[in-house]
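Here the structure is laid out as structure tokens; the discussion comes afterwards.
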Amino acid sequence: MHEDFTAKITIDSDFAIGEIDPRIYGSLIEHMERVVYGGIYEPGHPQADERGFRKDIIRLVRETGIPLIRYPGGNFVSGYNWEDGVGPLSERPKRLDLSWIAREPNEVGLHEFMHWAEAAGVACNLAVNLGLRGVDAARNLVEYCNFPRGSHWSDLRIAHGRREPYRIKTWCLGNEMDGPWQIGTKSARDYGRLTCETARAMRRVDPTIELVACGSSTGKMASFPEWDATVLEHAYDEVDYLSLHTYFTNTGGDAASYLAKAVEMDRQIQAIVATCDYVRAKVHSAKRMFLSFDEWGIWSREERANRDAWSWRWDDANAVSEGMYSFQDGLLAGSMLLSLIRHADRVKIACWAQLVNHLSLVSCAKGGPLWKQTVYYPFAHAARYGRGIALAPSIAGPRYDTADGSEVPILDAAAVISNSGRELALFTVNRHLQRPLPVEVVLHGFGAYRPVEHIVYESRDPQAGNTREQPERVVPTARSGAALAASVAVEGKTATIALPAASWNVIRLEAVET
Ligand code: AHR
């Protein structure tokens, strides 16, 4: 470790990474456990709207500024017949969901979900089933959702009560198709061919849609990144995005190594960018492939243990792997967000998996309240202040060795300037568990800025989390006035900031009008 325990961040207004697509602050709602039934949907709950959806969750999605939700899976989609979820409720079949060994009542289907999405103000990133189904079901679904009228499926939508097309723009072509756990898993070649044909048929129905092909389900798959290259070799010109997924778990090793896990996310993104660019050259395409990190998240220790102890079969909407995130999980979530922001030039969509009750940003009790998990706060800060242009921070400072042999900086950071240029947000994580880190921030090419707020997220107990009984045990604090002056000192183009040990920080600066 460095003798001099200080760090320096240099930000130059000319070094822009790219414009942040707000869709990187998306989430996932899958038909599994208590995400839909007993999550967003609970008829009879005091907060339920006329269709049974909890208004407190809808409000929270709006307040957080989540712009996009991937739906209805996840693994669930690979066994799902979308037709089961439309039409009169009394005629909808109850199906066996082979992904989660549960029963799917089909009370919530396309129209119900789109009602929720419109109420929550989110765009839908709709996944089609390329596990047990294929081209025909996918192109019919596009016709049902997006075709104006005068055809079998569009007229059926109208008969089911929705005159205007839903105009769903973004579509996922299956889910984790490389995974042996996936219903209808495929080889890269078979999936690549199917993706190419499905994409062509879907676009003939609606040429305005955007399509996401499945990349490897984790960077740890033995076939990574060969799978991604093969899929793209078959479908490069037909799709707009390649998907990435990643989940980390605190397995109880040393905490400093756990907090450094986001560097694996950086490596995964860099490897997939290189793979996409290799295939682009190989197929002689002018098009640049973008990335959709459409599942990212953390399995808390508690959730992992609950899932491992899983023994039930064919129940409805069970709380199998619900759990509490620790403050440390929240810090890692913060670093993962920084990785997404720093790759804003290529990552255009990202979905925290999932929104509610399972691996979730928030949890809710049956008939009871809603509370925010520790991972919610960095997510909400980034969704609010991480809008505009991502700038490339140059970071110098002390480093440490992790269990996998990587040397990782103690300071993790990302910088975002608003499109107007008036607000500059600096997001930082001090990964050191015991020591506060003094940081000097040097601004190049900017006018004068003054600090307006320093949001600090820290906890005396790294394992503490929020529960129904203690919903605000771990919350951030916002420093302004004298407290702000004590933690952020600005002199000319240099700011000096004290980052508490093991903390997530948002330092907000504002241009001084001259
Ligand atoms: O989020 C839970 C599951 O994790 C998703 O269904 C699947 O895509 C991933 O493996």
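Here Arg103, Arg139, Arg162 are screened, and the one residue that is of a type in the set (D, E, K, R), more than 28 Å from the chain's Cα centre (by Cα) and either away from the ligand (no atom under 16 Å from the Cβ) or crowded, with 18+ Cβ neighbours inside 10 Å (or both) is Arg162.
Residues that are small (Gly, Ala, Ser) and more than 14 Å from the chain's Cα centre (by Cα) were ranked within segment 285-300; the one that is surrounded by the fewest Cβ atoms within 10 Å (Cβ to Cβ) is Ala286. Of the strands (runs of 3 or more DSSP E) lying entirely inside segment 348-455, those carrying at least 2 residues that are within 28 Å of Asp4 (Cα to Cα) are 394-396, 399-401, 407-409, 411-417, 423-430, 437-444.
Among the residues of segment 214-241, the ones that are surrounded by fewer than 17 Cβ atoms within 10 Å (Cβ to Cβ), more than 16 Å from the ligand (Cβ to nearest atom) and not in a helix (DSSP H, G or I) come to 1 in all. All conditions but one from (1) over 18 Å from Val474 (Cβ atoms); (2) surrounded by 22 or more Cβ atoms within 10 Å (Cβ to Cβ) apply to Gln373; the one that does not is (1).
Taking every residue in segment 96-108 that is free of Cβ contacts under 8 Å to residues at least 12 places away in the same chain and of a type in the set (Asp, Glu) and pairing it with any residue that is assigned to a loop (DSSP other than H, G, I, E, B) and more than 12 Å from the ligand (Cβ to nearest atom), at least 6 positions away or on another chain, yields no pair with a Cβ-Cβ distance below 7 Å.
May I ask you to say which residue of Asp84, Asp97 is in contact with an Asp or Glu (Cβ under 9 Å, 6 or more places away or on another chain) and within 16 Å of the ligand (Cβ to nearest atom)? The unique qualifying residue is Asp97.
Only one of the numbered conditions (1) touching a residue at least 24 places away in the same chain (Cβ under 8 Å); (2) buried (at least 21 other Cβ atoms within 10 Å of the Cβ) is not met by Gly87, and that is (2). Identify the residue in segment 346-356 that is within 16 Å of the ligand (Cβ to nearest atom) and of a type outside the set (Gly, Ala, Ser) and, among all such residues, is farthest from the chain's Cα centre (by Cα). Taking the candidates together, the pick is Val356. Going through (1) outside any helix (DSSP H, G or I); (2) in contact with a Pro (Cβ under 7 Å, 6 or more places away or on another chain); (3) of a type outside the set (Gly, Ala, Ser); (4) within 23 Å of Gly79 (Cβ to Cβ) one by one, Pro165 falls short only on (4).
Looking for something within 16 Å of the ligand (Cβ to nearest atom) and β-branched (Val, Ile, Thr) - is there at least one such residue anywhere in segment 323-345? No, because not a single residue in segment 323-345 is within 16 Å of the ligand (Cβ to nearest atom) and β-branched (Val, Ile, Thr). How about segment 242-254: which of its residues are buried (at least 17 other Cβ atoms within 10 Å of the Cβ) and either within 16 Å of the ligand (Cβ to nearest atom) or among the small types (Gly, Ala, Ser) (or both)? Those that are buried (at least 17 other Cβ atoms within 10 Å of the Cβ) and either within 16 Å of the ligand (Cβ to nearest atom) or among the small types (Gly, Ala, Ser) (or both): Leu242, Ser243, Leu244, His245, Thr246, Phe248.
Filtering segment 357-378 to residues that are away from the ligand (no atom under 16 Å from the Cβ) and either under 17 Å from Glu295 (Cβ atoms) or touching a strand residue (DSSP E or B) at 6+ places or on another chain (Cβ under 7 Å) (or both) leaves Cys364, Leu370, Trp371, Lys372, Tyr376, Tyr377, Pro378.
Any read-out appearing in this document is the output of simple, stated calculations on the displayed coordinates, not a laboratory observation. Only a predicted model underlies this, so the values are computations on that prediction, with no experimental measurement involved. Quick reminder, even Gly has a Cβ in these numbers, built from the backbone with ideal geometry, and neighbours come from all protein chains shown.
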